[in-house]
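Here is the structure we will look at.
The values are calculated or read from the model by the stated rules, or taken from the named source; none is laboratory data. Bear in mind that the values here come from a model prediction, so they are computed numbers and not experimental data. Backbone-built Cβ (ideal geometry, glycine too); neighbour counts: all protein chains shown. Side chains are part of the model used for accessible areas, which takes the heavy atoms of the whole protein and leaves out ligands, DNA and RNA. Shrake-Rupley method; radii C 1.70, N 1.55, O 1.52, S 1.80 Å.
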Amino acid sequence: MLKKAVWISLALIWPLCAAAESGKALKPEPVKAVKTEEFIKIDGVLEEPSWKMQGCTDFVQTDPIDGSDPSERTSVWIAYDEENLYVAAYLYDSNPDQIKCRLGRRDDFVDSDWFIFAVDPYFDRRTGYQFAVNPSGSIVDWTLYNDVNQDTTWNGVWDWASHINDDGWSVEIKIPFDQIRFPKKEEYTWGVNFRRVILRKNEKMTYVWIPKEESAYVSRFAELVGIKGIDPGMHIEVLPYAVSRAQFSPAQQGNPFETGKEFLGDAGFNLKLGLKSNLTLDATVNPDFGQVEVDPAVMNLSAYETYYEEKRPFFIEGANIFNAFGRGGVHMNANINWPSPSFFYSRRIGRAPQGPVSRSGYVDYPEVSRILGAFKLTGKVFKGWDIGFINALTSREFAEIDGGGVRTHEEVEPLTYYGALRVQKDFNEGAQGFGLIATSVNRDLKSQNMENRLNNNAFSLAVDGWSFLDQKRTWVISAWMGATRVEGSPLAIDRIQRSSLHYFQRPDTSHVSLNENATYINGWGGRFNLGKQRGNFVLSFALGALSPGFDPNDIGFQSAASDVINSHLIAGYIQPHPGKVLRNWMLFGGPFVNYDFGGNKTWEGVLLAFQGQFLNYWGFDTMIAYNPETYSKTLTRGGPIAAIPYGYQINASFTSDNRKPVVFSINNSYYNRPDEGFNLNSNVSMRWKPLSSISLSMGPGVFFRESDIMWVTRVKDPLMAATYGTRYVFGRIKQDTLFAEVRLNWTFTPRLTLQLYLQPFIAVGQYDQFKELAEPRSFKYNAYGEGGSTIEYQNGYYQVDPDGSGPASGFSFSNPDFNLKSLRGTMVFRWEYHPGSTLYLVWTQNRADYSNPGDFLFGRDMRDLFTAPGDNIFLFKFSYRWSK
């Protein structure tokens with residue numbers, strides 16, 4: 001099926017792309033920062049003499065009419081002293097009683113009026129920082145990279161205030177120099193920009209006007225001059241924490257590890273050290289991440305693991321340098337059925353232990369691998385090279401087994417080192433760039449069980465780069481190329497070769513083969529992109545390949561199998577200016593194809609998408625796609641290639657005007673293979689803003705699937721010569737999934753918030769019409785119960801005789817039906833009682849029930865969902881920031 005993320009990724013970039021080739025952005029006047037000797041009180045009231053001088057007032061509207069004069073006046077001033085940068089803005093408003101004020105938690109860009117200050121202290125025309133304040137005092141801060149990309153995971157320590165006046169509202173911002181990186185000089189020239197949002201008019205204005213004919217941001221900033229004689233010096237932050245935790249769960253009679261309650265306490269600290277003005281060391285010892293939101297429940301019937309977002313603050317802050325690998329220069333990224341390998345996936349660090357226990361009895365199994373310590377180094381070194389270097393050590397973990405009162409321990413996760421290094425440098429103000437990434441995983445395997453199951457070492461090395469092909473930066477090429485190597489015992493490497501990422505045991509291929517004596521596996525991968533991302537006409541071409549042995553998964557993530565050659569050619573037309581019906585729109589489409597290294601076409605299709613926004617600010621997003629018959633190298637999970645019949649996909653989504661108190665969206669995706677089955681995914685998202693401080697969002701949805709060829713199992717049978725001595729068993733599945741996500745954000749003040757997340761989830765699957773693949777490269781199956789074969793169901797197992805009175809042996813498999821009811825939730829009370837110092841009160845609940853597999857009854861299953869036994873965890877965490 002064509003992945004929905006394909007056309008969503010295009011939708012996100014098209015507003016940045018050009019609408020016409022004419023016109024250039026006006027070069028703004030330089031902004032002068034004034035040195036101040038006075039004390040500036042950050043209260044939002046602009047009484048200081050520094051704010052009485054002439055400010056920057058030459059703003060240009062970008063929405064709703066690009067390039068026109070703003071409807072309201074704005075004045076901005078910048079001052080500085082030896083330690084801080086100060087920004088003040090007066091945002092005039094002819095109807096101050098209509099200023100949109102909403103409270104939001106930090107980094108939540110709520111629907112309100114905003115003032116945004118952006119600065120490029122390196123003056124490299126590609127990176128920077130951005131700070132936003134709204135009339136209620138809510139804030140968002142970002143780092144900027146790759147000219148047009150931004151990352152909200154950075155949380156600087158800065159001060160701000162806003163104030164509503166009789167003729168508008170005003171803002172004051174104080175940013176310590178030690179919070180932003182820049183090389184030390186006698187006198188500085190930085191990049192700067194100011195932006196403003198007036199929500200009720202859907203109006204946006206900017207000091208640096210970049211017409212929608214351009215695809216740029218940081219590279220067009222105005223010059224900020226006048227700063228000199230400052231010394232950021234060495235910056236030190238220490239953030240010790242203490243945490244207490246109480247866990248209550250249903251007691252299990254006879255189980256000494258499940259008594260119904262458990263109490264724990266712990267402590268650790270984080271360290272931030274400014275080694276130089278442009279280099280920062282972050283370290284953490286015995287970190288705790290109990291305040292982060294729980295992962296959503298899923299029902300994954302594929303052979304590939306589920307991707308979960310990173311939510312732990314230490315790992316997400318500054319992660320953009322790793323995430324940007326292979327994406328430099330290109331603002332239009334389309335990944336159509338491309339496995340999208342990531343060389344660094346930080347959730348591998350501290351993952352759940354991977355080893356089983358061999359003894360029987362009650363087991364106390366650790367939930368995670370404890371992170372003993374980690375550090376990361378970020379900044380610029382060696383004349384402008386960006387660097388990100390992260391190292392972590394996780395502990396050796398043991399499961400405790402109680403067998404008849406005798407306690408034993410078994411190792412389930414070894415002591416493990418994780419390391420990732422990323423460097424990158426751009427040239428000619430971002431016109432070209434080059435970088436590399438290297439990773440390493442090293443495990444101390446002391447037990448035979450661990451040595452046979454896990455890799456000993458895993459390494460990767462890759463380079464990336466980009467270059468614009470013309471001065472206007474209309475055309476751009478980018479590419480990356482890398483290699484991976486995994487080392488281990490023959491048994492461990494055999495497991496890797498047979499895994500879903502490789503399937504080297506496939507019996508009908510000549511380009512891969514299983515080597516049972518191998519102690520390593522090597523692979524390579526790469527991708528080339530060509531894009532036209534300026535003008536009405538845009539284009540994206542990509543050609544990528546991952547060799548059969550490519551495997552980044554010890555410290556990275558890959559969503560599908562290697563052994564792939566992938567390409568697409570997508571062309572589109574953009575109109576970002578208002579017309580008679582639409583405010584903006586984009587039409588794009590083109591072909592895509594996948595092959596394996598044996599020349600088998602494993603996916604093919606063509607898509608056409610149309611998306612835009614009406615004049616009333618309602619939006620739409622539609623797509624159709626067609627896939628002819630192709631082959632699958634993964635359907636039989638290590639068996640022969642099988643045919644996949646043709647199919648088609650229809651997607652449609654609609655969103656309402658986000659200025660209203662109630663905002664909703666409808667998303668639908670339907671995929672149908674007339675000869676095999678269908679799936680339908682539909683959800684409605686509604687956000688209600690009853691008060692300026694409260695936002696409630698609800699997102700109920702359904703997923704229905706019917707498939708005649710859902711994987712069940714494999715059975716060895718030398719008489720089944722047609723499929724190389726193995727029977728590959730499938731069944732028809734009818735799956736009904738109901739889910740919802742409920743979020744409540746209650747912001748008492750910008751520093752005092754309450755967040756609630758709740759996810760009810762029901763997934764029911766019923767299997768029948770069991771069958772086996774009749775011959776490779778076909779859509780032919782032998783149905784059990786026909787042609788002399790028999791199938792019977794007894795005591796939770798299906799008994800199959802594939803040829804009745806024939807010589808083939810019978811076999812059995814367990815009933816694959818399922819009925820999962822899950823309720824997960826988190827409530828987090830957060831108080832930033834001092835800048836950078838926080839107190840958390842957290843309640844986490846997780847309920848699950850598996851009764852009545854294969855039988856969906858809404859009322860009964862909903863009752864079981866809310867009455868199922870579950871875990872309740874209460875956590876108190878206290879941290880204090882000390883800085884110098």
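Laid out as a table, the results:
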| item | result |
| --- | --- |
| Top-ranked residue of the stretch 666-692 - restricted to ones that are part of a strand (DSSP E or B), of a type in the set (Gly, Ala, Ser) and open to solvent by 20 Å² or more (accessible area, probe 1.4 Å), ranked as modelled with the highest pLDDT | Ser682 |
| Which listed residue is open to solvent by less than 20 Å² (accessible area, probe 1.4 Å), touching a Ser or Thr at 6+ places or on another chain (Cβ under 6 Å) and either modelled with pLDDT of 95 or more or in a strand (DSSP E or B) (or both), from Gly544, Gly572, Gly523 | Gly523 |
| Enumerated strands (runs of 3 or more DSSP E) restricted to the stretch 728-823, each holding at least 2 residues that are crowded, with 17+ Cβ neighbours inside 10 Å, touching a residue at least 12 places away in the same chain (Cβ under 8 Å) and at negative phi | 742-749, 752-773, 781-783, 797-801 |
| Per-region count, the stretch 365-389, residues surrounded by fewer than 16 Cβ atoms within 10 Å (Cβ to Cβ) and touching a Phe, Trp or Tyr at 6+ places or on another chain (Cβ under 9 Å) | 2 |
| Check on Phe620, buried (at least 22 other Cβ atoms within 10 Å of the Cβ), among the hydrophobic types (A, V, I, L, M, F, W, C) and either at pLDDT 95 or above or more than 26 Å from the chain's Cα centre (by Cα) (or both) | no |
| Residue within the stretch 151-172 that is in a strand (DSSP E or B), under 26 Å from Thr62 (Cα atoms) and within 24 Å of the chain's Cα centre (by Cα) present | yes |
| Near pairs, Cβ below 8 angstrom, 6+ apart or cross-chain, from the stretch 651-671 (of a type in the set (D, E, K, R)) to any residue that is in a strand (DSSP E or B) | Asp657/Val663 |
| Selected residue (only one of Asp554, Asp563 is open to solvent by 10 Å² or more (accessible area, probe 1.4 Å) and farther than 26 Å from Leu539 by Cα) | Asp554 |
| Residues of the stretch 64-76 satisfying the condition of being in contact (Cβ under 8 Å) with a residue 12 or more places away in the chain, in a loop (DSSP other than H, G, I, E, B) and either surrounded by 18 or more Cβ atoms within 10 Å (Cβ to Cβ) or of a type outside the set (A, V, I, L, M, F, W, C) (or both) | Pro64, Asp66, Gly67, Pro70, Ser71, Glu72, Arg73 |
| Failed item, numbered, when Gln247 is tested on (1) polar (S, T, N, Q); (2) touching a Cys at 6+ places or on another chain (Cβ under 9 Å); (3) not in a loop (DSSP other than H, G, I, E, B) | (2) |
| Selection from the stretch 435-449 of residues that are open to solvent by 20 Å² or more (accessible area, probe 1.4 Å) and in a strand (DSSP E or B) | Leu436, Ala438, Ser440, Asn442, Asp444 |
| Subset of the stretch 491-506 [open to solvent by less than 50 Å² (accessible area, probe 1.4 Å) and in contact (Cβ under 8 Å) with a residue 24 or more places away in the chain] | Ala492, Ile493, Asp494, Ile496, Gln497, Ser500, Leu501, His502, Tyr503, Phe504, Gln505, Arg506 |
| Some residue of the stretch 125-142 being surrounded by 22 or more Cβ atoms within 10 Å (Cβ to Cβ), out of contact with any strand residue (DSSP E or B) (no Cβ under 6 Å at 6 or more places or on another chain) and not polar (S, T, N, Q) | no |
| Residues of the stretch 213-246 satisfying the condition of being out of contact with any Phe, Trp or Tyr (no Cβ under 8 Å at 6 or more places or on another chain) and either over 29 Å from Ala431 (Cβ atoms) or open to solvent by 60 Å² or more (accessible area, probe 1.4 Å) (or both) | Arg220, Gly229, Asp231, Gly233, Met234, His235, Ile236 |
| Filter result (among the acidic types (Asp, Glu) and over 23 Å from the mean Cα position of the chain (by Cα)) within the stretch 520-563 | Asp563 |
| Failed item in (1) open to solvent by less than 30 Å² (accessible area, probe 1.4 Å); (2) assigned to a strand (DSSP E or B), with Gly854 passing the rest | (2) |
| Per-region count, the stretch 402-422, residues in a strand (DSSP E or B) and open to solvent by less than 30 Å² (accessible area, probe 1.4 Å) | 10 |
| Some residue of the stretch 300-308 being open to solvent by 20 Å² or more (accessible area, probe 1.4 Å), modelled with pLDDT of 80 or more and over 30 Å from Ser632 (Cβ atoms) | no |
| Among residues of the stretch 333-364, those that are open to solvent by less than 10 Å² (accessible area, probe 1.4 Å) and at pLDDT below 90, counted | 1 |
| Residues of the stretch 450-490 satisfying the condition of being of a type in the set (Phe, Trp, Tyr) and open to solvent by less than 60 Å² (accessible area, probe 1.4 Å) | Trp466, Phe468, Trp480 |
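So that you can scan it fast, the table gives a plain yes or no per residue for (1) outside any loop (DSSP other than H, G, I, E, B); (2) surrounded by 15 or more Cβ atoms within 10 Å (Cβ to Cβ):
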site: Pro28; (1), (2): no, yes
site: Ile40; (1), (2): no, yes
site: Gly44; (1), (2): no, yes
site: Glu47; (1), (2): no, no
site: Ser50; (1), (2): yes, yes
site: Met53; (1), (2): no, no
site: Asp58; (1), (2): no, no
site: Thr62; (1), (2): yes, yes
